[in-house]
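Here's the structure we're looking at; comments come further down.
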Amino acid sequence: MPEKMLLKEMEKDQSNLIRALQSVQENEGFVSDERLKDISNYFSIPPVEVEGVISFYAQFKRTKPGKYIISVCDGTACHIKGANLISNWISDELGIKDGETDSEDLFTLETVACLGCCSLAPVIAINGKVYGNLERKSLLKILRKFKKEA
Amino acid sequence: MIKRIKIGTGSCGVAAGADEVFDFFSENIKDIELVEVGCIGHCYAEPIIEVETDKGSIFYEKVEPKKEFLEKILNLENSSRLQVGGNRTKKEFLKVTELAGKIDPVSYDEYKSNSGYNGLAKALLMKPEEVVEQVKISGLRGRGGGGFPTGLKWSFLAAQKDEEKVLICNADEGDPGAFMDRSMMESVPHQVMEGMLIAAHATGASSIFIYVRAEYPLAIKNLKIAIEDIIKYKINHINGRKIFIKIKEGAGAFVCGEETAMINSLEGKRGTPRFRPPFPTDKGYKGHPTLINNVETFANIPIILREGGTKYAKLGTKNSKGTKLFALAGDLKYSGLVEVPMGITIGEIVYEIGGAVKGEVKAVQIGGPSGGCIPAEHFDTPVDYDSLTSLGAIMGSGGLIVIGNNRCMVETARYFLDFTARESCGKCTFCRIGTTRMLETLERITAGDGCEEDITFLQDLGDKIKKGSLCGLGQTAPNPVISTIRYYKDEYLRHVNEKQCNALECNALVDVFIDKENCIECGLCIKNCPIDAISDDFIVDNSKCTRCNSCIEVCPKNTISRIPGGGISE
């Protein structure tokens with residue numbers, strides 16, 4: 001993750017655009033309309049072009065995510081070890097589908113390409129912390145722990 | 001006597017709990033130095049601890065943050081010592097990863113005292129063209145998957161007259177199931193940097209960019225520390241020139257692994273590929289001549305300079321020299337990062353290093369979404385660029401997934417197409433629409449709605465996508481489908497003609513069945529079914545059931561199973 005960096009510290013060159021968007025997302029969790037406009041003004045790039053860059057890259061979020069972002073790894077190793085079952089079990093437990101956030105803004109569920117921990121497949125990450133070798137029981141235990149803490 | 005204790009805190013180690021182990025050990029050990037190191041590649045045994053003694057090193061596996069475990073280690077007891085499975089020690093050849101997991105990744109001094117930066121020192125005594133010549137002699141080919149001769153590529157950039165030339169390290173390891181580059185950057189960041197600095201000398205480049213996936217925070221952190229030291233010790237001052245070094249973080253787009261797309265992304269644009277020519281070495285980043293090499297390619301360079309191109313070229317096959325890293329995972333016992341000499345057979349990797357059981361393996365998937373499947377009957381094929389291509393797969397960046405007999409190949413192909421269809425940047429019609437059409441067709445087949453013509457359609461469309469796409473993503477996207485049809489056409493035919501999935505993976509083609517003879521009527525399945533598809537007398541309503549496997553997982557008697565679809569209709 002990029003270090004927290006303020007817009008005004010950056011050189012006004014388009015090659016810093018992605019970095020600027022990453023900084024905003026790091027600070028606020030997503031890129032709001034307001035920030036999009038700020039960035040567009042700062043770099044003198046039309047908002048539509050900034051939106052074009054945002055929508056191109058999977059990392060950027062345009063809506064506010066929940067407190068806990070659950071990333072289900074669907075890399076090849078995880079996939080053959082049942083990543084889709086993991087995803088379904090989370091959906092059943094939390095009532096949200098892939099890409100959704102629950103009504104209390106607590107959990108966001110997303111599928112990611114690969115977390116690079118293939119030997120622990122299937123894995124998920126919750127706010128970046130990886131949980132591996134999951135079965136239904138251990139998965140539900142983790143989810144319920146987070147629910148309780150919240 | 002214990003000299004120091006090393007804990008592997010690379011990403012896989014941390015995921016397995018190495019942080020907790022480190023914290024516990026540092027609280028409880030006062031008089032022995034404790035060091036965090038990278039990855040030694042034995043992921044199956046994480047968290048791993050290496051105890052350096054005056055009589056050599058002892059490794060412990062699956063270490064727990066507990067007093068008993070700590071005592072066991074301090075007493076150098078025999079239990080819990082790392083058991084290297086199979087013939088791995090004999091079959092592996094550690095060259096590029098020799099230092100990985102053995103040294104403190106961010107210690108400049110430790111890298112230096114292990115012959116680090118000797119390659120650069122040697123290169124600086126040579127003329128740039130002599131360095132390029134050594135790389136040519138070594139026979140090194142691009143490790144990112146393409147296999148283009150590295151020395152030749154360097155000579156293209158070296159020939160450019162532009163005052164500003166750019167080097168880019170491709171560390172956007174987007175292949176699902178691949179983690180070689182992550183491991184190298186986390187474990188030996190200085191080695192990667194040394195390779196780049198040698199390249200800067202050889203080609204006359206003035207700037208270095210490292211394009212890393214943002215999903216690799218530890219790799220970024222370690223590279224940053226390494227770069228700080230490089231600047232501090234002025235290692236980036238080459239023949240009076242000061243090389244500019246910058247890390248750029250990717251933002252999650254597979255296509256950015258393609259050279260021209262990566263350049264667009266570095267410029268802050270959408271990462272779509274450009275037409276070639278002009279090739280990046282003529283006109284790349286901001287119009288300057290640009291050279292892009294992969295992390296593993298750069299990590300090989302210091303070794304080539306240290307031992308000389310001729311010696312390096314002694315290892316490997318006629319057209320593929322040196323070693324290759326593979327991220328080994330899937331249906332096998334010992335997953336991890338392995339380094340093998342070119343020319344080793346796939347079977348040796350899968351069975352002797354990976355510990356997979358003969359007869360239980362159906363195939364390996366090699367090269368990720370751009371690669372293909374190689375069935376077990378071809379496991380005597382040597383690992384080199386040309387042999388793998390002739391089988392319909394590619395060397396790829398090094399993801400090697402072992403697929404067991406109980407997996408469905410049609411579903412595997414669908415999985416990869418789902419990935420490429422989503423990652424297609426949309427520039428070329430054949431890639432954008434073609435991959436989506438292929439995915440729809442595969443979804444139809446796995447849903448039991450396919451027909452035999454669908455298979456010919458897939459082959460035909462796959463061929464057109466290959467021809468009609470600008471970049472490597474589109475040109476290779478059909479590979480997983482084409483190669484599974486080539487070797488597993490019977491599975492496709494069974495799906496379309498008999499509506500059966502032998503592996504019982506395709507949900508629409510299986511039913512869930514409770515064997516009432518052994519059922520103890522505990523009710524756990526009913527309680528855990530999310531959609532109430534199980535009746536009070538323990539019969540599954542398969543028209544309602546979503547095949548989520550919840551009941552199968554909770555059943556204490558293993559009486560619930562997936563069966564071929566239609567098997568229980570009365």
Open item on the list: Given the options A:K97, A:K148, A:K61, name the one that is more than 7 Å from every other protein chain (Cβ to nearest Cβ) and in a helix (DSSP H, G or I).
Closed with: A:K148
Open item on the list: Looking only at residues that are in a helix (DSSP H, G or I) and among the hydroxyl-bearing types (S, T, Y) in the stretch B:358-417, which one is farthest from the chain's Cα centre (by Cα)?
Closed with: B:S390
Task: Enumeration of residues in the stretch B:378-418 that are within 13 Å of chain A (Cβ to nearest Cβ), surrounded by fewer than 24 Cβ atoms within 10 Å (Cβ to Cβ) and more than 15 Å from B:G368 (Cα to Cα) - done: B:G404, B:N405, B:N406, B:R407
Task: Members of the stretch B:207-259 that are polar (S, T, N, Q), over 24 Å from the mean Cα position of the chain (by Cα) and modelled with pLDDT of 95 or more - done: B:S207, B:N236
Task: Tally of residues being more than 21 Å from B:Q191 (Cβ to Cβ) and surrounded by fewer than 23 Cβ atoms within 10 Å (Cβ to Cβ) across the stretch B:137-167 - done: 15
TODO: Could you please find all residues in the stretch B:94-115 being in a loop (DSSP other than H, G, I, E, B) and within 19 Å of B:D181 (Cβ to Cβ)?
DONE: B:L94, B:K95, B:V96, B:T97, B:E98, B:L99, B:A100, B:G101, B:K102, B:I103, B:P105, B:V106
Open item on the list: Tell me whether the stretch A:36-45 contains one or more residues that are more than 12 Å from chain B (Cβ to nearest Cβ), among the hydrophobic types (A, V, I, L, M, F, W, C) and more than 29 Å from B:A178 (Cα to Cα).
Closed with: yes
Open item on the list: Against the condition touching a residue at least 60 places away in the same chain (Cβ under 8 Å) and in contact with a strand residue (DSSP E or B) (Cβ under 9 Å, 6 or more places away or on another chain), how does A:K61 come out, does it pass?
Closed with: no
Task: Test: B:K333 is part of a loop (DSSP other than H, G, I, E, B) and more than 14 Å from chain A (Cβ to nearest Cβ) - done: no
- [ ] Determine which member of the set A:G82, A:G99, A:G66 is out of contact with any His (no Cβ under 6 Å at 6 or more places or on another chain), surrounded by 18 or more Cβ atoms within 10 Å (Cβ to Cβ) and at pLDDT below 95.
- [x] A:G82
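Consider B:E77 carefully, then state whether it is in a helix (DSSP H, G or I), on the phi < 0 side of the Ramachandran plot and among the charged types (D, E, K, R).
no
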Open item on the list: Let me confirm something: among A:V53, A:V48, which residue is part of a helix (DSSP H, G or I), within 29 Å of A:S32 (Cα to Cα) and at the interface with chain B (Cβ under 8 Å from one of its Cβ atoms)?
Closed with: A:V53
- [ ] State whether the residues of the stretch B:311-326 include one that is at pLDDT 95 or above and within 14 Å of chain A (Cβ to nearest Cβ).
- [x] yes
Open item on the list: Take the conditions among the hydrophobic types (A, V, I, L, M, F, W, C) and within 8 Å of chain B (Cβ to nearest Cβ) and apply them to A:V112. Does it pass?
Closed with: yes
TODO: Considering only the stretch B:419-453, state which residues are surrounded by fewer than 19 Cβ atoms within 10 Å (Cβ to Cβ), touching a residue at least 12 places away in the same chain (Cβ under 8 Å) and part of a helix (DSSP H, G or I).
DONE: B:T429, B:T436, B:R437, B:E443, B:E452
Open item on the list: Suppose the filter is part of a strand (DSSP E or B), within 12 Å of another protein chain (Cβ to nearest Cβ), within 21 Å of B:P217 (Cα to Cα) and not basic (K, R); does A:S15 pass it?
Closed with: no
Task: Flag if B:L473 is within 14 Å of chain A (Cβ to nearest Cβ), under 20 Å from A:A113 (Cα atoms), under 25 Å from the mean Cα position of the chain (by Cα) and among the hydrophobic types (A, V, I, L, M, F, W, C) - done: yes
Task: Residue list for the stretch A:64-80, restricted to those being of a type outside the set (G, A, S), within 9 Å of another protein chain (Cβ to nearest Cβ) and either part of a helix (DSSP H, G or I) or over 17 Å from B:F254 (Cα atoms) (or both) - done: A:T76, A:C78, A:H79, A:I80
Open item on the list: Exactly one of these conditions fails for B:N78: (1) crowded, with 18+ Cβ neighbours inside 10 Å; (2) free of Cβ contacts under 8 Å to residues at least 24 places away in the same chain. Give me its number.
Closed with: (1)
Open item on the list: For the stretch B:278-298, check the following and say yes or no: at least one residue is assigned to a strand (DSSP E or B) and facing chain A (nearest Cβ under 10 Å).
Closed with: no
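The values are calculated or read from the model by the stated rules, or taken from the named source; none is laboratory data. Every value quoted in this text rests on a predicted model; they were computed, and no experiment measured them. FYI the Cβ positions are ideal-geometry reconstructions off the backbone, even for glycines, and counts take in every protein chain you see.
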